[in-house]
1. Just how much of residue 84 is accessible, in Å², when a 1.4 Å probe is used and the result is rounded to the nearest 10?
2. P(r) of segment 86-197 in 5 Å steps, Cα pairs, percent per bin?
3. Can you list, bin by bin at 10 Å, the percent of alpha carbon pairs in segment 282-386, starting at 0?
4. Going by average Cβ neighbours within 10 Å, how do the peptides 52-63, 92-103, 362-373 rank, with the highest at the top?
5. Counting only heavy atoms of protein chains, what accessible area per residue, in Å², does segment 257-335 have with a probe of 1.4 Å?
6. Got the relative contact order for segment 314-386 handy, in percent, Cα pairs under 8 Å and 6 or more residues apart?
7. Can you sort 209, 26 by solvent-accessible area, 1.4 Å probe, largest first?
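The values are calculated or read from the model by the stated rules, or taken from the named source; none is laboratory data. Note that the coordinates shown come from a computational prediction; the quantities given were computed from them, not determined experimentally. Note: ideal-geometry Cβ built from the backbone for every residue, glycine included; neighbour counts use all protein chains shown. What goes into the accessible areas is simple: the full protein's heavy atoms, side chains included, and nothing from ligands, DNA or RNA. Shrake-Rupley method; radii C 1.70, N 1.55, O 1.52, S 1.80 Å.
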Amino acid sequence: MLSAVKSWFGKSLFETRNVNRADALIALVLSVFAILLTSGVTHTGHPHGGFWASLAVLTMTVPVLWRRRAPLAAAGTLAAGSLFNALVVGSMVRCGAALPALALVMFSLGLRCELRKALAGALLGVIAVVSLAHSDPNLTDSFSIPGSVLLLAMWGVGRLVRSREAMVGSLRERTRELSEQRELTAQLAVAAERTRVAAGVDDLLHERIGALAAEAARGHEAVETHPELARETLSTIEHEGRHTLAQMREIVGSLREDAPIEPQPGLADLDGLLERATTADVHLHVEGKQRTLPAGLELSGYRIVEHLLSTLQDAPQARVDVRLSVEDDVLEITVTGPARADSNSQTALAGAREWVALHGGQLEAQAPRAGHSQTVVRLPLVTAYA
C-alpha cells in the first residue's frame, strides 16, 4: 500500500533530502506568518486559537517544501489541511499564508505533472480554496469562484511553461540529430574522396614504375660506354624512387581511418621537441647553410633526435647538446650528454639505428666517458652514384 501511495504522490513526501532552499525559506516565512495570524499575536479583529490551531495551520504552509519533487502530494496535503481547519478548528484568518502556498503548489502541479495527475491536483486545489473561503472570515464563501479561477490560472501558467520546455527539449533533440546527420554526411564525403584517391593509385604506380624501368634500361646500356651517364641515371632513379615512396606514404596515410590531420614533424620542430621530451638543459646548435631537405629526411632527423634524447639522463641539472650540421652531401646530427645506464637507452638507440638505416646512413655511438656519451649520425643527402 505504501509503495502505491509513493508511486502516485511521489517519494518526496517520505524523503526530505534535496529540499530546495528557496522553498524551505518560503515555507518558513509562510508558517511563521500563519502562526502569528492564528495565535492572536497579530491582531486580525477575528477569533483566534491557541497551540492546536497554530499547529493545524502548518498543514497549509509546510507542503511548499515538497512542491517541486511531489506536487500532487503537496496539493493533497493542502486540501486535507484546509478541510481539517475548516471542519475541526473553525473560523479563523489564515488566507494571508495559505493562498500564496496554494498558488505555488498549483503552479508546480501544472509544470511538473503529467496531465492526469495535474488534473487531479487541480481538483484538490479547488477543494482547498473552497474550504479556505468557507472558514476564513476575511474571504467568505463568495471568494470560492474567483479564488478557484486564480488557482486554475496559476495551474495553466505551469502547463504553458511545461509545454514550452517540452518544445525546447524537442528542438534540442532535433538539433542534435541534425548535427549527427551532418557529421555522417561529412564522413561519407571523406570516404568517397578516399575511394577516388585509391582508384588513382594504380595509375600512379604504373606511370612511376614505368618511368623508373625506362631509366634503369638507359643506365644499363650506358654502364660500359658512358659511365658518367650511368651514374646520372642511377641518381635519377634514386631520387624518383624516394619521391614515389614519399607520395605513396602520403596517399596510403590519407586512406587510413585514423589518418593524422597534422603535418609530419621536421627539423624545424626540434625546439618544441626539446622542450617536451626532456627536463634537461638542452642546447641546440645549427651549422651550415640553410636549405630545403626532403620531407622524409626531415622526419627521420626529427625521430633520430627524439630517440637519442631517450638515451640520456632526464634531469634538470643535466646538460645536453644537440648539433645539426648541413653540408653539401650529408646531414650530420651530434647528440652529447650524460648517459643513462638502463635497457631503455639501448632500445632507444636501436630505434635510432632503424631510422638511420632507411637512408643508408651511419651511426657512431661512443662509449660513455666520465658518464658522458656522444652519438654522431650522418645521413647522406645524395647517394654515392651521384
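1. My reading of the accessible area for residue 84 is about 100 Å².
2. Per 5 Å bin, starting at 0, the Cα pair percentages come out as 2, 11, 15, 14, 10, 8, 7, 5, 5, 4, 4, 4, 3, 3, 2, 2, 1, 0.
3. 15, 49, 28, 7, 0
4. Per-residue mean Cβ counts within 10 Å order the peptides as 92-103, 52-63, 362-373.
5. 56
6. Relative contact order here is 34 percent.
7. Descending order: 209, 26.
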